[in-house]
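To start, the structure under review is shown below, and the notes come after it.
The values are calculated or read from the model by the stated rules, or taken from the named source; none is laboratory data. Fair warning: this is a prediction, and the values are worked out from it, not measured in the lab. Positions of Cβ are generated from backbone atoms using ideal geometry, with glycine treated the same way; all protein chains shown enter the neighbour counts. We work out accessible area using only protein heavy atoms, side chains counted, and drop any ligands, DNA or RNA first. Shrake-Rupley method; radii C 1.70, N 1.55, O 1.52, S 1.80 Å.
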Amino acid sequence: MSKQILYHSTRDESRLFTASQAILQGLCEDGGLFVPSEIPALPVSPWEMKGLSYQEIAYLVMKEYLTDFTEEELRSCINNAYDEKFDTRDIAPVVKVGNAYYIELFHGATIAFKDMALSILPHLMTTSARKNNIKNDIVILTATSGDTGKAAMAGFADVPGTKIIVFYPKGGVSRIQELQMVTQKGDNTYVVGMRGNFDDAQTGVKAIFEDKKIKAQMDAAGYQFSSANSINIGRLVPQIVYYVSAYVRLLEQGVIKEGEKINITVPTGNFGNILAAWYAKAMGLPVDKLICASNRNKVLFDFFKTGKYDRNREFYLTSSPSMDILISSNLERMIYLSAGEDAAKTSELMAQLKSQGVYEITEDMKAKLESFVPGYADEEATSEMIKKAYDENSYVMDTHTAVAGYVYEKYREETGDDKVTVIASTASPYKFARKVISSIDPSLEKEDDLELMDVMEKLSGVKAPRAIDEIRSAPVRHDRICDAATMEATVKEILGM
Ligand SMILES: *Cc1c(COP(=O)(O)O)cnc(C)c1O
């Protein structure tokens, strides 16, 4: 029997919630993030997990956090998530490239790492609803700048008891991204192109979420909103699994010995993925350094160097767009932990972030973050890494992964630390083909995005994943358009209210 774990806000420890309640609610009412009241230890050591499937390891890790789920419920969520949607039975294979071991987190439906959590979140959510006697259907409402909306739809498509409505800025996403969205299957998926930019879409969604009148009308019609946001613990917990799994695979391959410490490098944006690695370490996985790789938006690099988080800076659009972030929302959990689980202190710092865009942590807190090693790669370094991996190892990596690869190589060179290192490979190179191809050989670039896919196939020797094949042939299923002012009416129309 696992010890019961309850959850509370990073800004208030007085109210406790079960895991299923925290998953349904997503964000705390006070604006804080849910954290477990204590961090459980791995129930069995990684060397006893040798030979286990990804699904088995997922069960062992997740059951320690989702303690109000029955074994049957949790196994069913896991089996519904990590199935044929993934193009490899390994789910998250570990591949040696040069000096490092890349854990490929892009074998799911939308060929990027968000699939690892978004393929299980819908099942965790519907199970949580059932457990809390909620009869309403769950409606996920999301504004997307391209990728997250698609990954969320792929996860929620045809999950009974749910609907998902995604707004994207019409004309503000790439052709591939738009095709991916408008061809989305599933009778419960709705995609709407909004005339406006991403901020307008985001603002509109927030306004609908916060509108008490709509909430009451929804309830009367048998619906309630929920959010698939990256701060949901139903996304954080499944991400811990693949770090444990990577360690087990390295043991199986004889790369490391029982108890040997590894380093982990993660290309970081919202701080969710690397935080999951920290949790794996805190659960007892033998991990030394957590190398936090940023792109040109290096707010985290500066934070770990100086102890001062400062979002007041220029924002750059880079070739690793999923890391173009100035407020890494999941960092709040690490702030709470480094403050010695002090909710009052966390509240104070987050209030400063909100009002001034800046906060500074104490020397004590900084000392507790010593396992994080920050680094960053600019556009040139990113391209350089992509080319190097291709020239030296015939491996084609995406831009986000290349940021991490570069930062790791530099760390290794500067410190001489040659511990076995796992690098999170967060997207298929197919997803960012233009930049990848131009980094390897600019003469191969094509104007048409779909033609680029053929080039990619030749370069990588890896057949185009299903997600790419589908957009070539799949019929357009969604053609709704709206304005910022008609978003609410559109939601009501979709829900038949
Ligand atoms: C979301 C994302 C990241 C950043 O992950 P965080 O959890 O936000 O730090 C990195 N790479 C890709 C491809 C992503 O989609």
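Overview of results
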read-out	value
The chain, relative contact order in percent, only Cα pairs under 8 angstrom and at least six apart counted	18 percent
Spin-label pair Asp418/Glu260, simplified geometry with 7 Å Cα→Cβ offset, distance in nm	1.3 nm
Rounded to whole Hz, the Karplus (6.51, -1.76, 1.60) HN-Hα couplings of the stretch 238-254, x for glycine and proline	x, 6, 5, 4, 6, 6, 5, 4, 4, 4, 5, 5, 5, 5, 4, 7, x
Sites Lys213 and Asn136, calculated FRET efficiency, Cβ-Cβ separation with R0 22 Å, nearest 0.05	0.85
Within the stretch 49-141, GluC sites (Glu not before Pro) in DSSP loop having at most 10 other beta-carbon neighbours inside 10 Å	Glu84
Convex hull projection area averaged over all views, the stretch 109-259, Cα basis, nm²	11.4 nm²
Rg over Rh, two decimals, the stretch 243-361 (C-alpha only, Kirkwood Rh)	1.03
Tensor-based shape of the chain (alpha-carbon gyration tensor, a/c under 1.5 rounded, otherwise prolate or oblate)	rounded
The chain, dipole about Cα centre (Lys/Arg Cβ +1, Asp/Glu Cβ -1), debye to the nearest 20	640 debye
Dipole moment magnitude, nearest 20 debye, the stretch 343-445 about Cα centre, only Lys, Arg, Asp, Glu C-beta charged	460 debye
Calculated FRET efficiency for the pair Asp448/Asp199, C-beta based, R₀ 25 Å, to 0.05	0.25
Fraction of accessible area attributable to carbon and sulfur, the chain (%, probe 1.4 Å)	47 percent
Potential lengthening between Lys368 and Glu493 on full extension [0.36 nm per residue; Cα-Cα distance subtracted]	39.9 nm
Of the trypsin sites (Lys or Arg not before Pro) in the stretch 178-222, those whose Cβ has at most 14 other Cβ within 10 Å and which sit in DSSP loop	Lys185
Whichever lysines have a C-alpha closer than 19 Å to that of Lys308, once near sequence neighbours (fewer than 8 apart) are set aside	Lys298, Lys345, Lys354, Lys366, Lys368
Normalised alpha carbon radius of gyration of the stretch 84-162 [divisor 2.2 N^0.38 Å]	1.32
Accessible surface, 1.4 Å probe, highest first, among residues Arg480, Arg175	Arg175, Arg480
Solvent-accessible heavy-atom area per residue, rounded to whole Å², over the chain at 1.4 Å	41 Å²
Low-density loop positions, GluC sites (Glu not before Pro), the stretch 202-299 - DSSP coil, at most 15 other Cβ in 10 Å	Glu258, Glu260
DSSP-defined beta bridges in the chain - what % are antiparallel, rounded to 5	25 percent
With eigenvalues of the C-alpha gyration tensor scaled by 5 and rooted, the stretch 35-82, Å	17, 16, 7
Chymotrypsin sites (Phe, Trp or Tyr not before Pro), loop per DSSP, at most 16 other Cβ atoms within 10 Å - longest free stretch of the chain	1-314
Rounded Å value of the spacing that divides the Cα centres of the stretch 204-283 and the stretch 77-148	9 Å
Ellipticity estimate at 222 nm from DSSP helix runs (n ≥ 4, -39,500 (n - 2.57)) divided over the chain, nearest 500	-13000 deg cm²/dmol
Reach of Lys446 by Cα under 23 Å, taken over lysines that are not fewer than 8 positions away in the same chain	Lys387, Lys388, Lys431, Lys435, Lys458, Lys463
Prolate/oblate/rounded label for the stretch 1-85 (Cα gyration tensor, a/c 1.5)	prolate
Evaluated over the stretch 244-290, the Cα radius of gyration and Dmax, each in Å	11.0, 33
Area projected by the alpha carbon convex hull of the stretch 179-264, averaged over all directions, nm²	10.3 nm²
Summed residue charge, Cβ within 13 Å of Asn197's Cβ, Lys/Arg positive, Asp/Glu negative	-1
